[in-house]
Amino acid sequence: MKTFPGRTVAATGTAVAAFLSIPASAAPEPATPAAQAWIDVATFSGMGMPMGGMGGALGSMFGGKGGGDGNTFGNTRTMSAGRWVDVTVRARATPALDEARQAVPEGFLSPALELRTPKNAPASTRDDEEMKHEPPEKPKGRMLLYWGCGAEIRPGQPKVLDMATASASDYGKFFVARSATQRGAHSAAGRPVWPNPADARMVPANASLAGEHAFSGKGIPDGFRFKVPPAQDLMPALALQQADKNGVTALSWNAIATARAYFVSAMGSNAKEDMVMWSSSELADTGFGLMDYQTNAAVDRWLKEKVLLAPATTACSVPKGIFGENGGMLRLIAYGDELNLVHPPQPKDPKAKWDPVWAVKLRVKSVASGMLGMSDTAQERGDTGRGRNKTQDEGAQDQLKLPQPVELLKGIFGR
């Protein structure tokens, strides 16, 4: 494990070894595949908004580009309501590859996807599996961390961090943030992507990725073909419901058959204007690193540790007394089953030479977001705060404003 200030990141071995969940030390280091593809699949719901809007604003703070311009590359990270797919491919023989094609099932889009390398794309990194995380900017004020589902706050909570007196050690201990997020679809020089200005088709509402796919292009080996099973198809949208039960916020959601696990987190403030964080984990965790794709091995490990909720879980309660009248931003993620394919497969003999021809990593998630303590009707109207009177409602502008919890987040991350 590599440890960074404020974040714990799973170390990864070589690209192909990681694909097969084999420690890099268990076999001779294989050659880089002749061609490699990354496919990220995401479904976002909640906030009672169409494409873009507040979801895009929130997503931009976490590395997305915003979804207000239709289907643009990077929408799998924006939190803009909709179904999104991002694709990246590279060819070892063509470092400056500028275009490629991906044949997809007719149930997704027809004709084939046209991939293009973005203009002024950054140089590719040496390690295609490791996702480097920058530590968050040191915030100001006091921060409170709670965890666990239930009606009552657990004994020994909250963890408190007073930035006026906290040392570097205190800061590191407070910001426990598990993460095993690896490199997925990305923009880099010589690596065509979809969508792009030349092919910005939206993903249809009833689209399906299940079926046969194939990549082609200069330097991409013939026979780069594979099937996406139904288990890795686009996930349904999460319908996150909440109800107030004497101060306890009861959360519930629809079950997703292909979900491997769930995780819930909320951020906001209390009456003293402290920054408050809560998660459904049974262990203390800020949740900063868990609201994204995670490897299958990490999900399974965190299920055993009860950091994540079991796939059969469809309810969790936020204990009474954690958040004040300002509420908070609420997010729920369903982790899909990650697909890793390599051709040809690794030989059974660990000493045998292995030169993979192609490799594919496909990641799937479904995420819902909303405002803690607000009814679905209020969120559909665009209300972003409690205690609004009739005059305020009648005079509210159509343009949504960022709620206080979002402003707090911007203060934490310096964005």
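Just wondering, is there one or more residues in segment 225-232 that are out of contact with any strand residue (DSSP E or B) (no Cβ under 7 Å at 6 or more places or on another chain) and surrounded by fewer than 13 Cβ atoms within 10 Å (Cβ to Cβ)?
Within segment 225-232, the first condition is being out of contact with any strand residue (DSSP E or B) (no Cβ under 7 Å at 6 or more places or on another chain), and the residues that meet it are 229-231.
This time we only want the ones that are surrounded by fewer than 13 Cβ atoms within 10 Å (Cβ to Cβ), so: 230.
Within segment 225-232, one or more residues are out of contact with any strand residue (DSSP E or B) (no Cβ under 7 Å at 6 or more places or on another chain) and surrounded by fewer than 13 Cβ atoms within 10 Å (Cβ to Cβ).
For residue 133, indicate whether it is buried (at least 16 other Cβ atoms within 10 Å of the Cβ), in a loop (DSSP other than H, G, I, E, B) and at pLDDT below 90.
Working: buried (at least 16 other Cβ atoms within 10 Å of the Cβ): yes; in a loop (DSSP other than H, G, I, E, B): yes; at pLDDT below 90: yes.
Spelling it out, residue 133 is indeed buried (at least 16 other Cβ atoms within 10 Å of the Cβ), in a loop (DSSP other than H, G, I, E, B) and at pLDDT below 90.
What number of residues in segment 330-366 are surrounded by fewer than 23 Cβ atoms within 10 Å (Cβ to Cβ), of a type in the set (A, V, I, L, M, F, W, C) and under 23 Å from residue 299 (Cβ atoms)?
4
Scanning segment 71-97 for residues that are of a type in the set (Val, Ile, Thr) and in a strand (DSSP E or B), which turns out farthest from residue 291 (Cα to Cα)?
Looking only at segment 71-97, we keep the residues that are of a type in the set (Val, Ile, Thr), and these are 72, 76, 78, 85, 87-89, 94.
Now drop any that are not in a strand (DSSP E or B), which leaves 85, 87-89, 94.
Details: 85: 17, 87: 20, 88: 22, 89: 25, 94: 34 Å.
Ranking the candidates gives 94 first.
Could you check how many residues of segment 326-348 are among the small types (Gly, Ala, Ser), in a loop (DSSP other than H, G, I, E, B) and at pLDDT below 90? Even if it seems obvious, please write down each step before you answer.
Step one: list which residues in segment 326-348 are among the small types (Gly, Ala, Ser), which gives 327-328, 334, 336.
Checking the rest, the ones that are also in a loop (DSSP other than H, G, I, E, B) come to 327, 336.
Still in the list and also at pLDDT below 90: 327.
So the count comes out to 1.
The values are calculated or read from the model by the stated rules, or taken from the named source; none is laboratory data. Every value quoted in this text rests on a predicted model; they were computed, and no experiment measured them. Neighbour counts are summed over all protein chains in view; Cβ atoms, including those assigned to glycine, are modelled from backbone coordinates with ideal geometry.
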